[in-house]
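Data block below; observations after.
Just so you know, all these numbers are worked out from the coordinates, no wet-lab data involved. All values derive from a computational prediction rather than experimental measurement. Here Cβ is always computed from backbone atoms with ideal geometry, including for glycine, and neighbour counts include all displayed protein chains.
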Amino acid sequence: MQQQIQQATSPQQKAQFKNQLNEIHEEISERTQKQLQAFAKKNSEIKQPDSEPDQSLKR
């Protein structure tokens with residue numbers, strides 16, 4: 001797709017390819033987000049590390 005954009009001659013063609021590429025990118029992002037949310041629900045025991053630095057590591 002990227003190659004098609006570079007090879008496109010008319011600005012109209014380029015715009016069309018870029019729009020397609022953006023749509024594909026959005027679709028992938030949405031799917032990834034849904035998969036991540038599903039994973040997070042299934043694996044709720046996996047917690048984010050605390051934002052506070054671990055006090056036991058300090059000397």
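Before moving on, here are some points about what is shown:
- With a cut-off of 14 Å between beta carbons, the residues surrounding PHE39 carry a summed charge of +4, where Lys and Arg count +1 and Asp and Glu -1.
- Note on LEU36, LEU21: ascending count of other Cβ atoms within 10 Å places them as LEU36, LEU21, the fewest first.
- When GLU30, GLU45 are arranged by Cβ crowding within 10 Å, least crowded first, meaning fewest neighbours, the order is GLU45, GLU30.
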